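The structure appears below as structure tokens.
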Amino acid sequence: MTTKAITPAASAYDRGHECAQARQAHAERPHLQLQRFAGFIKRSPETATAEDIRRFQLHLAETATSICNRNRIMTGLRFLFRVTLRRLDLATEIYHIREPEKLALVMSADEIKRLLAMAASLKTRVLLSLGYGCGLRAGEIVRLKVKHIDRAQNVIRIEQSKGRKDRNVMLSDEMLGLLRQWWKARRSYDTHLLPLQEQFLFPGRKPGTPMTTRQLSRLFRETAEAAGTKKGVTLHTLRHSFATHLLEDNTHIRTLQALLGHAKLETTARYAHVATGMIAKVESPLDRLSRPKRKRPEKAQKNHQEDQPPA
């Protein structure tokens, strides 16, 4: 749907677009939600009512829009009414749905080892190793540049990732060796376009650009199929596995929070729910019932009786 098709909303669209560009508050810009909402009510959002918002939210539910997408859409609309149109009365009518909390899917160490062994190329192995060995997101992997590899401090710098935050992750000897192998095998057709420090480790088809996250996800799926992984895993499962395995190895949760780049400790603490190694080590009270009770030594029992206060 184009803005020309919704003539009454043109002025609101312009203001919404300007606000979105100025703030860049959401990944999906509010003016896109304006178009969708205006198309639903068939008039300018400036004339919207609380009933229109209620019907729109019901429409999203009836069309089987996922909870995540519904919340994203309503976040854009709330930005529109609160900031652009100054309709605070309508902004308060917008609610978000609590998403069901699901345990993150985690691969075992043996499954990870088999996955990396089945990588069809050195490039694929390096990409997947960065996901598991450093806990990087897909976008962080593909945007890595030469300048981000700090061999002096043995860290990889992640710049302006999710939440517009920088962070450091470990650069292990194994990872450094793989990166060196890849740099020797990497295509060098873009060396004349960018300075060495600004060159992407994984260039895309167009010179001067990185490979896409879609390409990376496709490589992961192909490798997972070759490894015979039956779980419904995704590339992000490597990051979940990274966090869970470190937690099982007694890595301090604050350190793990810094490695993952989480703003809240509660987000990192969720991995305790899927750390099967930690959970399996907990002794069940059922096992204690079957154990014979140990008799107290007579001396200790006598001292215990003497310590009892008189009735």
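The values are calculated or read from the model by the stated rules, or taken from the named source; none is laboratory data. For clarity, every value in this text was computed on a predicted model and none was experimentally measured. Glycine also receives a Cβ, built like all others from the backbone with ideal geometry; neighbour counts cover every protein chain displayed.
Answer yes or no: is there a residue in region 117-127 that is under 21 Å from R239 (Cβ atoms) and either of a type in the set (K, R) or without any contact (Cβ under 8 Å) to a residue 24 or more places away in the chain (or both). Working first, answer last.
Taking region 117-127 and keeping what is under 21 Å from R239 (Cβ atoms), we get 117-119, 123-127.
Remaining after also requiring either of a type in the set (K, R) or without any contact (Cβ under 8 Å) to a residue 24 or more places away in the chain (or both): 123, 125.
The answer is yes; a qualifying residue exists.
In the set (1) within 17 Å of G133 (Cα to Cα); (2) touching a residue at least 24 places away in the same chain (Cβ under 8 Å), R180 fails one condition alone, (2). Checking each residue in region 218-239 for being part of a helix (DSSP H, G or I) and farther than 16 Å from M118 by Cα picks out H236, T237, R239. Checking every residue in region 277-296 against the condition of being over 14 Å from T244 (Cα atoms), touching a His at 6+ places or on another chain (Cβ under 9 Å) and at pLDDT below 80 gives at least one match. There is at least one residue in region 137-150 that is touching a strand residue (DSSP E or B) at 6+ places or on another chain (Cβ under 7 Å) and farther than 26 Å from L219 by Cα. Just one of the listed residues (R55, R78) is in contact with a helix residue (DSSP H, G or I) (Cβ under 7 Å, 6 or more places away or on another chain) and at negative phi, and it is R78. For first residues located in region 52-77 and within 14 Å of E99 (Cβ to Cβ), partners that are of a type in the set (A, V, I, L, M, F, W, C) and lie 6+ apart or on another chain with Cβ distances below 6 Å form the pairs I67/I97; R70/L60; M74/I94. Here I158 passes the criteria (1) over 19 Å from E198 (Cβ atoms); (2) of a type outside the set (D, E); (3) in contact (Cβ under 8 Å) with a residue 24 or more places away in the chain except the one numbered (1).
Quick one: which helices (runs of 4 or more DSSP H) lie wholly within region 240-296 and hold at least 3 residues that are farther than 23 Å from V169 by Cα? Let's see the steps before the verdict.
Working: elements: 253-260, 265-269, 276-281, 285-289.
Once the helices (runs of 4 or more DSSP H) in region 240-296 are filtered for at least 3 residues that are farther than 23 Å from V169 by Cα, what remains is 276-281, 285-289.
In region 201-217, the condition of being surrounded by fewer than 14 Cβ atoms within 10 Å (Cβ to Cβ), not small (G, A, S) and not in a loop (DSSP other than H, G, I, E, B) is met by at least one residue.
Within region 81-109, residues that are closer than 30 Å to V274 by Cα sit with their Cβ atoms under 8 Å from residues that are assigned to a loop (DSSP other than H, G, I, E, B) and of a type in the set (D, E, K, R), at 6+ positions apart or across chains, in these pairs: L105/K231; M107/K231. Can you tell me which condition L196 does not meet? The list is (1) within 24 Å of K102 (Cβ to Cβ); (2) out of contact with any Gly (no Cβ under 8 Å at 6 or more places or on another chain), and all the others hold. Here L196 meets the rest and fails (1).
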